[in-house]
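**Q** The structure is given below, and queries will be raised subsequently.
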Amino acid sequence: MIIHGRNTVEEALKLGIVKLLFVKVNSTFDTSKYDVETRTYGPKEFEHYYGKEAQGIAAEIRDMLPKKFDKAFDEIVEKGSVVLLDRIFDPMNYGAIIRAANCFGIKTILVGLDRQAPITSAVCKASSGTIFYTDIVGAVNTATALKKLQENGYTAYAADVNGKVELKDVEFAEKSIIIMGSEGKGIRPALLDTADVHIKIPMNGDIDSLNVSQSAAVILYEYAN
């Protein structure tokens with residue numbers, strides 16, 4: 001997989017997962033401190049392959065696939081709280097939620113294997129490299145996975161515009177599952193009906209909702225504080 005952007009590539013280099021670097025000839029990115037094969041391109045050629053948004057640096061890493069829920073279960077429980085994403089197909093929102101979760105102390109993202117955007121360069125860049133420090137775990141059936149976590153002491157909080165509990169009144173459990181759904185359709189009934197608490201963010205503006213990554217950041221801030 002090809003990733004790009006200064007922060008994303010730098011975090012991958014720190015972890016030693018970069019196979020090959022691609023650098024624009026006038027880039028200020030210092031590659032000399034990394035023992036990685038580097039290929040240099042002229043500005044037009046680099047932008048042709050990797051785009052202007054790459055900030056003059058790109059890298060090849062191994063493909064990133066979600067861990068399987070059943071195999072990762074013990075590790076999930078050991079790490080604590082989880083963000084469960086339901087049908088988040090926009091890579092920018094996906095990456096932004098990963099970044100917010102990591103910033104506020106949650107290192108596990110649970111997704112449906114067939115109900116989620118794949119892990120791509122755009123997701124990695126939107127996460128600002130925090131995806132490399134986060135466990136992305138895939139479940140065949142997220143509703144079943146949710147119930148198993150609840151049976152092991154987790155409390156599930158669903159972000160719901162029709163929720164009965166305002167965010168400021170929520171007391172998050174030590175082991176929490178924060179469920180975020182797609183902007184268009186929200187959280188599927190199978191997950192919504194299983195959640196322990198339905199929370200809403202009060203709105204005072206002309207529209208009644210934030211986008212999903214903004215909502216996640218607000219909720220995660222409250223979770224952490």
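**Q** What's the number of the condition LEU13 fails, among (1) assigned to a helix (DSSP H, G or I); (2) touching a Ser or Thr at 6+ places or on another chain (Cβ under 9 Å); (3) more than 23 Å from THR130 (Cβ to Cβ)?
**A** The one condition LEU13 does not meet is (3).
**Q** Being β-branched (Val, Ile, Thr) and assigned to a helix (DSSP H, G or I), is that true of even one residue in the range 133-154?
**A** yes
**Q** Follow-up question, since we're still on this one. Mind counting the residues in the range 181-210 that are part of a loop (DSSP other than H, G, I, E, B) and surrounded by 13 or more Cβ atoms within 10 Å (Cβ to Cβ)?
**A** The total comes to 9.
**Q** Here's something else I'd like to know. If we keep just the residues of the range 18-30 that are in contact (Cβ under 8 Å) with a residue 12 or more places away in the chain and out of contact with any helix residue (DSSP H, G or I) (no Cβ under 7 Å at 6 or more places or on another chain), which is surrounded by the fewest Cβ atoms within 10 Å (Cβ to Cβ)? Quick ask: steps written out before the conclusion?
**A** Taking the range 18-30 and keeping what is in contact (Cβ under 8 Å) with a residue 12 or more places away in the chain, we get 18-29.
With the extra rule that they be out of contact with any helix residue (DSSP H, G or I) (no Cβ under 7 Å at 6 or more places or on another chain), the set shrinks to 19-21, 23, 27-28.
On the way: LYS19: 12, LEU20: 13, LEU21: 20, VAL23: 20, SER27: 18, THR28: 9.
Restricting to residues being in contact (Cβ under 8 Å) with a residue 12 or more places away in the chain and out of contact with any helix residue (DSSP H, G or I) (no Cβ under 7 Å at 6 or more places or on another chain), the top hit is THR28.
**Q** If only one of LEU210, LEU192 is assigned by TED's automatic domain parsing to the domain that holds ASP90 and under 17 Å from VAL83 (Cα atoms), which one is it?
**A** Only one candidate passes the filter, namely LEU192.
**Q** Moving to a separate point now. Quick one: how many residues across the range 166-180 are closer than 22 Å to ALA143 by Cα and surrounded by 12 or more Cβ atoms within 10 Å (Cβ to Cβ)?
**A** Final tally of qualifying residues: 8.
**Q** Here's another thing I want to ask about it. Any residue at all in the range 102-113 that's assigned to a helix (DSSP H, G or I), within 28 Å of GLY153 (Cα to Cα) and in contact (Cβ under 8 Å) with a residue 40 or more places away in the chain?
**A** Within the range 102-113, one or more residues are assigned to a helix (DSSP H, G or I), within 28 Å of GLY153 (Cα to Cα) and in contact (Cβ under 8 Å) with a residue 40 or more places away in the chain.
**Q** Within the set of pairs 6+ apart or on separate chains, which have a first residue in the range 167-182 that is assigned by TED's automatic domain parsing to the domain that holds ILE76, a second that is assigned to a strand (DSSP E or B) and of a type in the set (S, T, N, Q), and C-beta atoms under 8 Å apart?
**A** PHE172/THR155; ALA173/THR155; LYS175/THR155; SER176/THR155; ILE177/THR155
**Q** I'd like to know if the range 72-81 contains one or more residues that are of a type in the set (Lys, Arg) and under 26 Å from SER215 (Cα atoms).
**A** yes
The values are calculated or read from the model by the stated rules, or taken from the named source; none is laboratory data. The structure presented is a predicted model; accordingly, all values stated were derived computationally and were not measured. Backbone-built Cβ (ideal geometry, glycine too); neighbour counts: all protein chains shown.
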